Structures are given as C-alpha cells and as structure tokens.
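Enquirer: For reference, the structure I am asking about is given below.
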Amino acid sequence: MIDSRILVVDDDPDIRHLICIHLEEGDMICTEARSGKEALELLELESFDLVILDLMMDDTDGLHVLEHVRSCQNHTPIIIVSALSETEKKIKTLGLGADDYITKPFIPSELVARVLANIRRSRSPQTRITANRLQYRGIILNLDSLTIEKEGKRYSITQTECDVLAAFMRKPGYTYTKDELYQAVWNHAQYDPNSLSVYINFLRKKIEANPKMPRYIQTIRGIGYRFAEVKER
C-alpha cells in the first residue's frame, strides 16, 4: 500500500536489503533496524503500519521484542521471518501475538503479499469501526479492547484471534473451508495450515468448557470449521 511504513528488523544486512527492495517497489517506506534493541527504540519514537521481525539476533532476540511490543498494548501487525521452522516455535510466537510467520528462505513476492494482507486487515472498517462488540450465546467479543467475556471471566486475545472469532460469530452455523477462513481473516490464499489450527486451539481454550470436546468451534472433518449454533441448556 502506498506510503505504508514498515519496520524491518534483522541483523543480516543482506536480508534487510532484499526485503526493503521488494517493499519499496510497492511504494512502501522501509525503516531498518539492525538489532532488537534498535527496533524497540524506534518503536518508542515512531509509529509503523507493520513490523517484519527476525527471531534470532545477537543482542535481543525477536521473542523479547514481540513480548515487549504486545505488553505495551501496541497492536501493530507483526510478521515473523525466521529460519526456525519448528512447529513449536511457530506456536509460541503466534501465541505471543505475532500475526503471521514466514520461514526463511522465502519468496519475496509472497512476503509482500502477506505484508499487504496484514495491513489491509489491520485497517479493515469491518472489524475496527462498524461495531466494537459481538455477542452470541454467552460469549462477548470486544473488538476494540481485544478481549473475550464469558461466564463472568475476561480473557485477553491477540488481533488475529479476535479476527478469527469475529468471522465465526458473524456467521454462526456456517461451515468455513480452511481456505475461506484464511481468506476472511488474512485476505490472501497462501497459508500455513498449522497456523490456522494453532489459533483455533487458542480460542477453544478460552471459550470452551472442554476444549477437547468443543461445542462452539467444531471441526468438520474433510472440510474445515463451524461455529455451532449452540443451544442454551
């Protein structure tokens, strides 16, 4: 998107240069940070539309940067770009509030597509302006404060968890294919199926009495997921 400001955080100058070349071809404005410490300093001074963050850096690792940003209630989209491909690492970073995860080596055009999709999603009037609360069968989703209320308890969630649950709550009873759900939330077709299942599991732990036997977010084998029209007991 024209004039979108992107912070690229990586201790490898060649990677930073490669990313910035392709983003700037799309008329985005790049600021480079060589370390986690420098990234945190820049985030204190300036606002960005998105952050691209490496995990393994010498001074301050990317997880620390991610945790610090989210602890400050900064909801700027963050895409992790890392050579670490283990599922456990992806689960941890997504759980800490990352919006997307791309493994090195990556295809530059795919990274650009994901950057654009995450910026569009963060600016979407559907989730940010037209309504600040969704309510269904005892679940209240607060879109502005990124919280879920259920049975007198309140849970903090990430922006991505919020967007996934909002998609379900707007269409109770509808069965989403995985492609449809990913398109509804991330706005692009390329996805990591593990990432989607991670967010589903996070949400189930917050809204289901028994996450292993979900009543709300149901898996429809061979198709995808459905937010069931749960009957009151």
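The values are calculated or read from the model by the stated rules, or taken from the named source; none is laboratory data. Only a predicted model underlies this, so the values are computations on that prediction, with no experimental measurement involved. Heads up, the Cβs are rebuilt from the backbone with ideal geometry, glycines too, and the neighbour counts pull from every protein chain shown.
Enquirer: Which of the residues that make up region 196-229 are within 19 Å of Q159 (Cα to Cα), among the aromatic types (F, W, Y) and not in a helix (DSSP H, G or I)?
Expert: Scanning region 196-229 gives a single hit, F227.
Enquirer: Also, quick follow-up: Looking at (1) of a type in the set (K, R); (2) modelled with pLDDT of 80 or more; (3) over 13 Å from the mean Cα position of the chain (by Cα), find the lone condition where R123 falls short.
Expert: All conditions pass for R123, except number (2).
Enquirer: Go through region 77-96 and report how many residues are surrounded by 22 or more Cβ atoms within 10 Å (Cβ to Cβ) and over 19 Å from D12 (Cβ atoms).
Expert: The number of residues fulfilling the criteria is 2.
Conditions tested, residue by residue: (1) under 22 Å from M28 (Cβ atoms); (2) among the hydrophobic types (A, V, I, L, M, F, W, C).
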residue	(1), (2)
L50	yes, yes
L53	yes, yes
I80	yes, yes
K89	no, no
L96	no, yes
Y101	yes, no
I107	yes, yes
N118	yes, no
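Enquirer: Of all residues in region 61-76, count the ones that are among the small types (G, A, S) and either under 14 Å from the mean Cα position of the chain (by Cα) or surrounded by 14 or more Cβ atoms within 10 Å (Cβ to Cβ) (or both).
Expert: 1
Enquirer: Of the residues D54, D58, which single one is in contact with a Ser or Thr (Cβ under 8 Å, 6 or more places away or on another chain), free of Cβ contacts under 8 Å to residues at least 60 places away in the same chain, of a type in the set (D, E, K, R) and exposed (fewer than 15 other Cβ atoms within 10 Å of the Cβ)?
Expert: None of the other options fit; the residue is D58.
Enquirer: Enumerate the strands (runs of 3 or more DSSP E) found wholly within region 71-177, keeping only those where 3 or more residues are closer than 18 Å to E208 by Cα.
Expert: Counting at least 3 such residues, we get 133-136, 139-142, 147-150, 153-156.
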